[in-house]
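Right, one structure below, let's go through it.
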Amino acid sequence: MPKLSVDGIEVEVPAGATVLQACEAAGVEIPRFCYHERLTIAGNCRMCLVEMEKSPKPIASCAMPAADGQVVFTTTPKVKKAREGVMEFLLINHPLDCPICDQGGECDLQDQSIAYGKGFTRYQENKRAVTEKFMGPLVKTIMTRCIHCTRCVRFAEEIAGVEEIGAIGRGENMQITTYLEKAVTSEVSGNIIDLCPVGALTAKPYAFQARPWELKKTDAIDVMDAIGANIVIGSRGPAVLRVTPRINDDVNEEWISDKTRFAIDGLAERRLDKPYVRQGGKLVPATWVEAFAAIKTGLAGVSGGEIAAIAGDLCAVEDIVALKDLLGTLGSSRHEARQDGAALPVAPRGAYLFNSGLAGIETADVVLLIGTDPRREAPLLNLRLRKRAAKGQSRVFGIGPEVDLSYPVTWLGNDASLLGALPAAVLDALTAAERPAIIIGMGALADSGAYAAAWALAETHKVVRDGWNGWNVLHTAAARVGGLDTGFTCEGGVAGIMADTALKAVFLLGADEIDTAPLANVFTVYIGHHGDAGVAHADVILPGASYAEKPGTWVNLEGRVQRGLRAVFPPGEAREDWTIFRALSAVLGQPLPYDDLAGLRARIVGEWPWLAPNAAAPEFSTPTVAAGGATGVFTLPVTNFYTTNAIARASETMAECVTQILGGGLLEAAE
């Protein structure tokens, strides 16, 4: 490990570190525009210049490897003059529009020009201007502000794997563009907004909505997929105005998907903000007292065996457990959280988790994808798979519909029977791998035999071994693992509930991904925040809170327990879901044994201790799976990335993405 001196401070850094990283280790701030920790080094901007002993001129610290015995100075007159010169050149053609720039208040160029610039200009000639570029409905461009740091270009090529952004021209005529000026097709394109150090790339839907200092920032958990990305919700008054990523290297690093970032306008549309009761075939507004009375009447004379419940994909653990407890007071244990009917064991816990972990999957050297499209089902997982696969450091094989994952994949065909007859090359690769991984998706788990066949492969090739667990289930719903953890499952699943002719009452907790036609003659109570598919045959509608409007616990696909906070209050008369069940239980004569969130969480941790944040998770144990085989073809669960839940379907921004990016139709996985 090299040792060097930075402004008289001795530091030791890992081999391969740069001088810039050594300076930061010494506690010295180095200005930069083009350098970013997760991107390759470009050395474009020269803002990070420092003075080094025996060097005839200042060096770019981001591109200079740290070496033993180096003596670095960061505050000398030469360094100050060099940085002022670089800043002066950067500002030559930069427009003077800070007061109207969306980046104002969180602009790196603005901050660093104050800290390291001259404070005046000597440039008298006309400034050049660059025409605006079209990058789709999500990214707004004012390219005259661009300083050519190429962060967006490197992100698109290296991280997202979509080579649609680049530079044309040279010198002063260089321009960053999408070449043919088409919408960027990546599911994570919004991250270039965070990367841009100036106001050249900003959020188009958020344009002119608010300044950063006007927003209340609330830590929350994303529910658009099962990754559980850590996010910050920016709100002003009752409105959620933007979502940005919160750094967590174990989960989402510092990226989020476009749906996470931009679907938030759907939070204000198609909202349920008051109770409704069906009278004479029509839904009419009601008070909470009237709605609860209608439920009590509808459940009169109904036995526990004739009552069921289905939980949706966005629910918090607290809501699921409160509904389960309510059903328990009614004598029912028929409840299900797997809206898609996924056929997988509900015990032991490791049978349905992504056991390699999101960070761990980056170390897999051979990956077999079964009935899944991670690019659209879990974009942030796909970024991790791409890291090694794009460099040829890992091999990826796939069984299922052939899709573009942005890295090399050997597709074996869409034939489920391949699970029992893999080509010799694949078998040899799995056998020789030090860290083999199998990822089975919801598209495969629609077949009851696919799990057994995939697990047989895992056992044969010792995918689970000392120091490594390569057995992974890729969920698509934020609420799924929490529902499985708390036992919100039943024999026969959703299909069994729907086919039961003796069913007389059903509770739908945000369940909008099912066909409710079989419930037309069943007393249906819908609890949720959007008027989506679940309310079609509802007899009573109770308005709930979205993920941004309540504190809640979510368990991501790897079993990580995370809690989000309330950013804003629910609209109108809507209430947090668990409080609805607590109040309803009192009306039905059997109040639940908790009156506040702390009491409910204590009840949850008492039965499932691993659901406490930072608690030790149960050890992996081998699932007991009956032998079986799969036949037929797999159908992917996500064909339209932008409309996978009620919030996204209510979003005008997501509708524009469908029109401009997908061409108004679905992304056909078979193409």
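The values are calculated or read from the model by the stated rules, or taken from the named source; none is laboratory data. Here the structure is a predicted model, which means the values were calculated and not measured. Cβ atoms come from the backbone with ideal geometry, glycine included; neighbour counts cover every protein chain shown. Heavy atoms of the whole protein, side chains included, go into the accessibility calculation; ligands, DNA and RNA do not. Shrake-Rupley method; radii C 1.70, N 1.55, O 1.52, S 1.80 Å.
Observations
- Subset of segment 117-133 [surrounded by 16 or more Cβ atoms within 10 Å (Cβ to Cβ) and either not aliphatic (A, V, I, L, M) or not in a loop (DSSP other than H, G, I, E, B) (or both)]: Gly117, Lys133
- The combined condition, being outside any strand (DSSP E or B), in contact with an Asp or Glu (Cβ under 6 Å, 6 or more places away or on another chain) and surrounded by fewer than 22 Cβ atoms within 10 Å (Cβ to Cβ), is not fulfilled by Gly534.
- Just one of the listed residues (Asp596, Asp577) is in contact with a strand residue (DSSP E or B) (Cβ under 7 Å, 6 or more places away or on another chain) and among the charged types (D, E, K, R), and it is Asp577.
- All positions within segment 350-394 that are assigned to a loop (DSSP other than H, G, I, E, B) and surrounded by 21 or more Cβ atoms within 10 Å (Cβ to Cβ): Leu353, Asn355, Ser356, Leu358, Ala364, Gly371, Thr372, Asp373, Ala378, Ser394
- The lone criterion from (1) out of contact with any strand residue (DSSP E or B) (no Cβ under 8 Å at 6 or more places or on another chain); (2) surrounded by fewer than 21 Cβ atoms within 10 Å (Cβ to Cβ); (3) touching a residue at least 12 places away in the same chain (Cβ under 8 Å) left unmet by Asp428 is number (3).
- Residue count for segment 334-349, restricted to those that are basic (Lys, Arg) and surrounded by fewer than 24 Cβ atoms within 10 Å (Cβ to Cβ): 2
To keep it simple, each residue is scored yes or no on (1) part of a strand (DSSP E or B); (2) closer than 29 Å to Cys196 by Cβ; (3) among the charged types (D, E, K, R).
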| site | (1), (2), (3) |
| --- | --- |
| Ala15 | no, no, no |
| Leu20 | no, yes, no |
| Cys23 | no, yes, no |
| Glu29 | no, yes, yes |
| Cys34 | no, yes, no |
| Gly43 | no, yes, no |
| Arg46 | no, yes, yes |
| Val50 | yes, yes, no |
| Ser55 | no, no, no |
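- Condition check for Ala548: open to solvent by less than 20 Å² (accessible area, probe 1.4 Å), on the phi < 0 side of the Ramachandran plot, in a loop (DSSP other than H, G, I, E, B) and modelled with pLDDT of 95 or more: no
- Where Leu215 falls short, out of the listed (1) without any contact (Cβ under 8 Å) to a residue 24 or more places away in the chain; (2) surrounded by fewer than 24 Cβ atoms within 10 Å (Cβ to Cβ); (3) closer than 20 Å to Leu267 by Cβ; (4) aliphatic (A, V, I, L, M): (1)
- Within segment 603-616, being open to solvent by less than 60 Å² (accessible area, probe 1.4 Å) and either within 19 Å of Asn355 (Cα to Cα) or in a loop (DSSP other than H, G, I, E, B) (or both) holds for Trp608, Trp610, Leu611, Ala612, Pro613, Ala615.
- Which numbered condition Val153 misses (of (1) more than 25 Å from Gly392 (Cα to Cα); (2) at pLDDT 95 or above): (1)
Yes/no matrix, rows are residues, columns are (1) touching a strand residue (DSSP E or B) at 6+ places or on another chain (Cβ under 6 Å); (2) within 26 Å of Val555 (Cα to Cα); (3) modelled with pLDDT under 95:
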{"site": "Asn173", "(1), (2), (3)": "no, no, yes"}
{"site": "Tyr179", "(1), (2), (3)": "no, no, yes"}
{"site": "Glu187", "(1), (2), (3)": "no, yes, no"}
{"site": "Asn191", "(1), (2), (3)": "no, yes, no"}
{"site": "Cys196", "(1), (2), (3)": "no, no, no"}
{"site": "Thr202", "(1), (2), (3)": "yes, no, no"}
{"site": "Lys216", "(1), (2), (3)": "yes, yes, no"}
{"site": "Ala220", "(1), (2), (3)": "yes, yes, no"}
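- So Asp325, is it among the charged types (D, E, K, R) and either part of a loop (DSSP other than H, G, I, E, B) or more than 20 Å from Glu513 (Cα to Cα) (or both): yes
- Unique match (being assigned to a helix (DSSP H, G or I) and under 27 Å from Thr553 (Cβ atoms)) among Ala291, Ala347: Ala291
- Of all residues in segment 617-660 being within 19 Å of the chain's Cα centre (by Cα), of a type in the set (Ser, Thr, Tyr) and assigned to a helix (DSSP H, G or I), the one that is surrounded by the most Cβ atoms within 10 Å (Cβ to Cβ): Tyr642
- Enumeration of residues in segment 585-608 that are over 29 Å from the mean Cα position of the chain (by Cα) and among the hydrophobic types (A, V, I, L, M, F, W, C): Ala586, Val587, Leu588, Leu592
- Cross-chain or 6+ apart pairs with Cβ under 6 Å, segment 257-270 first and in contact (Cβ under 8 Å) with a residue 24 or more places away in the chain and of a type in the set (A, V, I, L, M, F, W, C), then in a helix (DSSP H, G or I) and open to solvent by 10 Å² or more (accessible area, probe 1.4 Å): Phe262/Thr653
- Members of segment 172-212 that are outside any loop (DSSP other than H, G, I, E, B) and either open to solvent by less than 10 Å² (accessible area, probe 1.4 Å) or not aliphatic (A, V, I, L, M) (or both): Glu172, Asn173, Gln175, Ile176, Thr177, Asn191, Ile192, Asp194, Leu195, Leu201, Thr202, Pro212
- In the condition set (1) without any contact (Cβ under 8 Å) to a residue 24 or more places away in the chain; (2) buried (at least 18 other Cβ atoms within 10 Å of the Cβ); (3) assigned to a strand (DSSP E or B), Ala167 is compliant with all but (2).
- The lone exception for Gly663 - which of (1) without any contact (Cβ under 8 Å) to a residue 40 or more places away in the chain; (2) in a helix (DSSP H, G or I) it fails: (2)
- Ile114 meets all of the listed conditions (1) more than 27 Å from the chain's Cα centre (by Cα); (2) part of a loop (DSSP other than H, G, I, E, B) but one, namely (2).
- Filtered by the rule that a residue be under 14 Å from Met64 (Cβ atoms) and surrounded by fewer than 18 Cβ atoms within 10 Å (Cβ to Cβ), segment 3-23 gives a lone residue, Gly16.
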